[in-house]
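First the structure, in the form of structure tokens, and then the observations on it.
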Amino acid sequence: MRAIFHDEEKRARYLVTGLPGIGRVGHVAAAYIINKANPVLVADIFSEYFPQQVVIEENGVLRLIRNQLYYVDAKDPFFLLTGDSQPVGSSPAEFYEYAAEILNLARQLGVEEIYTLAGIDRGAQRLSEKPGVVVAGTDEEIVKRFVELGAKVDKGGAITGLAGMLLGLGKLEGFRGACLMGETSAQLTMHGDPGAALAVTRMILSYLGNELDLSDLENAAQGFEALLQKMLAPPKEEPKPPEPTDYIR
């Protein structure tokens, strides 16, 4: 991993992550926070475990696939990690090694608690129901705090990718935290699920005691839910043509 720093002086207790995944829930949430909170870019992060390609910007200039670390100067400041991709995933070692490198960076920046934003696949159920938030944490106390904020707890299951690995490895190294999973559907990954993103964004901000204007995300979520309902509505019956009139007797 290679980190190019733009600001090495920032320190914060919390790290929040929102990377591409099921329903792009965490990715959409992180993009919204960046758009509204005007954070400071701390570092560009590159890794040999990202896809072997470059991104072409709108102006025709290319750049490597990257993650970016931001500092959000809120009531209770936090770092926000987001970006183009997680490790490709051709080997589990990629996730272990990249997660370990991020944890090492987080410790250098004073981070003590990590909160990952992700999606959980509810399949067709998401297409007919508004999304809630499922929580899994490093200890019962943190899980209980999120349950008090309205989160659900699934009995069993697994979390794949960095959303889980950062917490699993982090727990071994003394970090506390939780994964907030917005209920979504894998079918919504291509375009993203603003409803699920709104649910996890609202909850993490409430947990950290920070405020942010969520009106644009709320409007996007309402429009998305209306579109889903329209798509799921049974087709209207075509009017039957009038019976032919027989004038010949």
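Here, each number is a calculation from the coordinates, and none is a lab measurement. All figures in this text were calculated on a predicted structure; none of them were measured in a lab. Cβ atoms come from the backbone with ideal geometry, glycine included; neighbour counts cover every protein chain shown.
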The chain, Gaussian network, Cα under 10 Å: of 59, 219, 35, the residue fluctuating most is 59
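Rounded to the nearest 500, what is the 222 nm mean residue ellipticity of the chain from helices alone, with -39500 (n - 2.57) per DSSP H run of 4+ residues and division by all residues? Walk me through the numbers before you get to the answer.
Working: 7 runs with 88 residues, N = 249.
Helix-only estimate at 222 nm: -11000 deg cm²/dmol.
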Fewest-first sequence of 58, 141, 113 by Cβ atoms within 10 Å of each Cβ:
58, 141, 113
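Please work out how much length the chain gains when fully extended from residue 41 to residue 222, using 0.36 nm per residue of separation minus the C-alpha to C-alpha distance, in nm with one decimal.
Working: separation 181, 0.36 × 181 = 65.16 nm, distance 3.06 nm.
This chain segment gains 62.1 nm when fully extended.
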Along the Cα-to-C-beta direction of residue 187, a point sits 7 Å from the Cα; which residues of the stretch 101-142 have their amide N less than 12 Å from that point?
122-129
Paramagnetic reach from residue 54 (point 7 Å along Cα→Cβ, amide N under 19 Å) across the stretch 2-34:
2-4
Relative to the longest principal Cα axis of the chain, at what angle does helix 162-172 sit, 0 to 90 degrees, rounded to 10?
40
From fewest to most C-beta neighbours within 10 Å, the residues 1, 190 line up as 190, 1
Springs between alpha-carbon pairs under 10 angstrom, Gaussian network model over the chain: which of 122, 63, 107 fluctuates most?
63
Could you give the length gained on full extension between residue 63 and residue 104, defined as 0.36 nm per residue of separation minus the Cα-Cα distance, in nm?
12.2 nm
Which residue, 214, 81, 15, tops the fluctuation ranking in a GNM of the chain built on C-alpha contacts under 10 Å?
214
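What FRET efficiency do you get for residue 73 and residue 145 if R0 is 30 Å and r is their Cβ-Cβ distance, rounded to the nearest 0.05?
On the way: r = 24 Å, r/R0 = 0.79.
Approximately 0.80, to the nearest 0.05.
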